1. Kindly establish whether ARG2 is modelled with pLDDT under 95 and over 20 Å from the mean Cα position of the chain (by Cα).
2. Against the condition in contact with a strand residue (DSSP E or B) (Cβ under 6 Å, 6 or more places away or on another chain) and open to solvent by 40 Å² or more (accessible area, probe 1.4 Å), how does PRO14 come out, does it pass?
3. Out of all the residues in the range 308-322, which are within 23 Å of the chain's Cα centre (by Cα) and surrounded by fewer than 22 Cβ atoms within 10 Å (Cβ to Cβ)?
4. I'm checking my understanding of the structure. Among residues of the range 175-200 that are of a type in the set (Val, Ile, Thr) and near the ligand (Cβ under 8 Å from one of its atoms), which one is farthest from ALA223 (Cα to Cα)?
5. Only one of THR103, THR38 is among the β-branched types (Val, Ile, Thr), assigned by TED's automatic domain parsing to the domain that holds TYR291 and more than 17 Å from THR156 (Cβ to Cβ). Can you tell me which?
6. Can you go through GLY243, GLY293, GLY250 and tell me which one is within 22 Å of PRO28 (Cβ to Cβ) and at pLDDT 90 or above?
7. Have a look at ALA222, ALA182, ALA194 and point out the one that is closer than 22 Å to MET1 by Cα, surrounded by 20 or more Cβ atoms within 10 Å (Cβ to Cβ), touching a Gly at 6+ places or on another chain (Cβ under 9 Å) and in the same structural domain as THR319 (by TED's automatic domain parsing).
8. Determine which member of the set PRO199, PRO211, PRO175 is open to solvent by 30 Å² or more (accessible area, probe 1.4 Å), touching a Gly at 6+ places or on another chain (Cβ under 9 Å), outside any helix (DSSP H, G or I) and in the same structural domain as ARG29 (by TED's automatic domain parsing).
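The values are calculated or read from the model by the stated rules, or taken from the named source; none is laboratory data. Keep in mind the model is a prediction, meaning the values are calculated, not measured. As a convention, Cβ positions derive from the backbone with ideal geometry for all residues, glycine included, and neighbour counts pool all protein chains shown. The protein model used for the area step is the full one, side chains on, heavy atoms only, and it has no ligands, DNA or RNA in it. Shrake-Rupley method; radii C 1.70, N 1.55, O 1.52, S 1.80 Å.
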Amino acid sequence: MRPTPLPLAHGPTPLESLDRLSDWLGGPRLLVKRDDQTGLALGGNKARKLEHLCAEALAQGCDTLVTGGGPQSNHCRMTAAAANRLGLECHLALAGTVAEQPTGNLLLDHLLGARLHPTAAREYYEIEASIEAVADEVRAAGGRPYAIPVGGASVTGALGYVDAARELTAQLAEPLDWIVVADGSGGTHAGLLAGLDGPTRVLGIDVGTRPDLDKRVPELAAATATAVGRPAAFGGSRHRCQGDTPCPPGDGEIHIDHTRFGAGYGKPTPECLEAIRAAARLEGLILDPVYTGKAMAGLIGWIREGRFTEHQSVLFWHTGGAPALFAGGFSEWLTSAT
Ligand SMILES: *Cc1c(COP(=O)(O)O)cnc(C)c1O
């Protein structure tokens, strides 16, 4: 038996329409699911994953959460907040050096009192190894660590997005054609696939963290679906979105667009900048430069390329991330390009 998820996220998160953005783009009908409003220390998608991850940590008698990521990791910030809510310790393996003047998410990690472990790791699986190393240190010091992978992308974490898919279904009068979401670790995408029924397809926009995303999303979706007793056939067609060829419809298809991340993780593209500005100015909706800006740029790209049509309904799953806007380095390009 899996433990009952802990109530860490505000929900149901609002479902809103983006009529002005849709008009500007000439259709399709656009909606946004506001998981930037999940509430835990400024919100974001990791709150839903942490409801399940923390429940498992407590069920296993753990007293310390250990995870890691980049210095501006939203997942680390929210894990630190969840630990505080539950009276647990939190240790974070952070790629990069310790900044003298922390900004953005890193500032919040300090404020939340997480124990920071700077690591020379940069690559995805190096950071995973650093998390395990920190967990070993905690264990050696007599603690009982619960290690959470990068982005919370385990089956347990992805269960948060099975819940989210059900929550969305209850908010909708009729099914959507597409959901568009930023893909980092792939856990959100996988959980949605595992939880959705019907014809709705999910398009993941790869923001460039995980080298084996194409393989991991269907694997994790299948394992998550199995965990909740649902059909678990994903990615059978081996179709791979390249951003230029049309994607065939079909159940269990995996759609991941790798063409939008530009020069690298956290490096905004001109299209990302345009998307952040358009969402802000047409809808008052704040996106971030690492994840949701690129995801929205992908959505806009698909409309302009004629891959979403006027009569479809497309939902943008807002996964949070705004603290990275205040991380420094972004104010110049945000204010310079008009
Ligand atoms: C972690 C994160 C994502 C990616 O979610 P995954 O489940 O890791 O793919 C998207 N947006 C924001 C703001 C995030 O913090």
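1. On the way: modelled with pLDDT under 95: yes; over 20 Å from the mean Cα position of the chain (by Cα): yes.
Spelling it out, ARG2 is indeed modelled with pLDDT under 95 and over 20 Å from the mean Cα position of the chain (by Cα).
2. On the way: in contact with a strand residue (DSSP E or B) (Cβ under 6 Å, 6 or more places away or on another chain): yes; open to solvent by 40 Å² or more (accessible area, probe 1.4 Å): yes.
Yes; evaluated as a whole, the condition is true for this residue.
3. Of the range 308-322, the ones within 23 Å of the chain's Cα centre (by Cα) are 308, 313-322.
SER313, ALA322, listed by residue number.
4. At the first step, the residues of the range 175-200 found to be of a type in the set (Val, Ile, Thr) are 179-181, 188, 200.
From the residues that got through so far, the ones that are near the ligand (Cβ under 8 Å from one of its atoms) too are 181, 188.
Values: VAL181: 20, THR188: 13 Å.
In this case the residue turns out to be VAL181.
5. Values: THR103 fails: assigned by TED's automatic domain parsing to the domain that holds TYR291.
The conditions single out THR38.
6. On the way: GLY243 fails: at pLDDT 90 or above; GLY250 fails: at pLDDT 90 or above.
On inspection, the qualifying residue turns out to be GLY293.
7. Working: ALA182 fails: closer than 22 Å to MET1 by Cα; ALA194 fails: touching a Gly at 6+ places or on another chain (Cβ under 9 Å).
One residue alone meets the criteria, ALA222.
8. Details: PRO199 fails: touching a Gly at 6+ places or on another chain (Cβ under 9 Å); PRO211 fails: touching a Gly at 6+ places or on another chain (Cβ under 9 Å).
PRO175 is the lone residue from the list that is open to solvent by 30 Å² or more (accessible area, probe 1.4 Å), touching a Gly at 6+ places or on another chain (Cβ under 9 Å), outside any helix (DSSP H, G or I) and in the same structural domain as ARG29 (by TED's automatic domain parsing).
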